[in-house]
Amino acid sequence: MARTARDVVFVDGVRTPFGKAGPGGMYAQTRADDLVVRCIRALMRRNPGLPPERVDEVAVAATTQTGDQGLTIGRSAAMLAGLPKSVPGYAIDRMCAGALTAVTTTAGGIAFGAYDVVIAAGVEHMGHHPMGSGSTPTRAPVRTARGP
């Protein structure tokens, strides 16, 4: 039996305005997860015909998955936004391609029938988590096992 992929339709999108990074920036006192929560809530308000329990998945990308961008941010943002506890979520780390990966991965899930409605997003609070903060890339020596 031949299988065909379902059509995937992008219905709506919201985002926060760009702001200046640093201690004087417009988001300096705002948590990264709160930024995502505000977007999810706005998306749901803009689509009142969509019952929250119809959302099948929430995928959120964040490169620095710690602090206010940690705790499996897709799941925590869904819960904080007021979606039902039955709505799952996950986090993605693909650096600059994270949000695009959230969109394409969940779209693939819609195409093959795993999901009907998803929320895909990305967040990176550069004021709280500057690029590369907390990382210490090193070149550790390669050890090989040698026989006796």
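The values are calculated or read from the model by the stated rules, or taken from the named source; none is laboratory data. Note that the coordinates shown come from a computational prediction; the quantities given were computed from them, not determined experimentally. Positions of Cβ are generated from backbone atoms using ideal geometry, with glycine treated the same way; all protein chains shown enter the neighbour counts. These area figures cover heavy atoms from the full protein model, side chains too; ligands, DNA and RNA do not enter into them. Shrake-Rupley method; radii C 1.70, N 1.55, O 1.52, S 1.80 Å.
Numbers below:
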{"read-out": "Subset of the stretch 50-76 (residues that are more than 25 Å from GLY113 (Cβ to Cβ), among the hydrophobic types (A, V, I, L, M, F, W, C) and open to solvent by less than 50 Å² (accessible area, probe 1.4 Å))", "value": "ALA62, ILE73"}
{"read-out": "Hey, ASP34 acidic (Asp, Glu) and buried (at least 16 other Cβ atoms within 10 Å of the Cβ) or not", "value": "yes"}
{"read-out": "Subset tally (residues that are assigned to a helix (DSSP H, G or I) and either touching a strand residue (DSSP E or B) at 6+ places or on another chain (Cβ under 6 Å) or within 16 Å of ALA77 (Cβ to Cβ) (or both)) for the stretch 7-62", "value": "15"}
{"read-out": "Some residue of the stretch 4-26 being at pLDDT 85 or above, under 19 Å from the mean Cα position of the chain (by Cα), surrounded by 11 or more Cβ atoms within 10 Å (Cβ to Cβ) and over 18 Å from VAL103 (Cβ atoms)", "value": "no"}
{"read-out": "Selection status of LEU71, among the hydrophobic types (A, V, I, L, M, F, W, C), closer than 17 Å to VAL123 by Cα, in a loop (DSSP other than H, G, I, E, B) and free of Cβ contacts under 8 Å to residues at least 60 places away in the same chain", "value": "yes"}
{"read-out": "Selection from the stretch 60-76 of residues that are within 21 Å of GLY13 (Cβ to Cβ), out of contact with any Leu (no Cβ under 9 Å at 6 or more places or on another chain) and among the hydrophobic types (A, V, I, L, M, F, W, C)", "value": "VAL60, ALA62, ILE73"}
{"read-out": "Count of the stretch 96-116 residues which are under 12 Å from VAL9 (Cα atoms), among the β-branched types (Val, Ile, Thr) and either open to solvent by 30 Å² or more (accessible area, probe 1.4 Å) or at pLDDT below 95 (or both)", "value": "2"}
